[in-house]
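Before any comments, here is the structure.
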Amino acid sequence: VLISDKLVYSLYGQKIKRCFSKVELILVPEGEACKTRSIKEFVENCLFDLRITRKDALCALGGGAILDLVGFGLQ
């Protein structure tokens, strides 16, 4: 699962997607705006809907806020 914001995804997303055989995409707001409980809940709901398990991988594409959301907020 590739988790990114719209700006970073527009710049690098297609290059990243070409590196993987199958990629699901979750887009969130840019910057600190993605670090809210409602965005965390949105991402968790998307992961649940995609039936993501611990055998799947999450890939954060972006800067510090995206890394905080994916690496810390979704533990």
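Counting only protein heavy atoms and a probe of 1.4 Å, the accessible surface of the chain is 55% carbon and sulfur. Backbone N atoms of the stretch 31-52 closer than 20 Å to the 7 Å Cα→Cβ label point of Ser21 belong to residues 51-52.
If you work out P(r) over Cα pairs in 5 Å bins from 0, in percent from the coordinates, which of (i) 3, 15, 20, 20, 19, 14, 7, 1; (ii) 3, 17, 30, 27, 14, 6, 2, 0; (iii) 3, 16, 31, 26, 18, 5, 0 do you get? Label (iii) holds the value from this structure. Accessible surface for the stretch 1-59, divided over its residues, is 77 Å² per residue with a 1.4 Å probe.
The values are calculated or read from the model by the stated rules, or taken from the named source; none is laboratory data. All values reported here derive from a predicted model rather than from experimental measurement. Cβ coordinates were reconstructed from backbone atoms using ideal geometry, including for glycine residues, and neighbour counts include every protein chain displayed. What goes into the accessible areas is simple: the full protein's heavy atoms, side chains included, and nothing from ligands, DNA or RNA. Shrake-Rupley method; radii C 1.70, N 1.55, O 1.52, S 1.80 Å.
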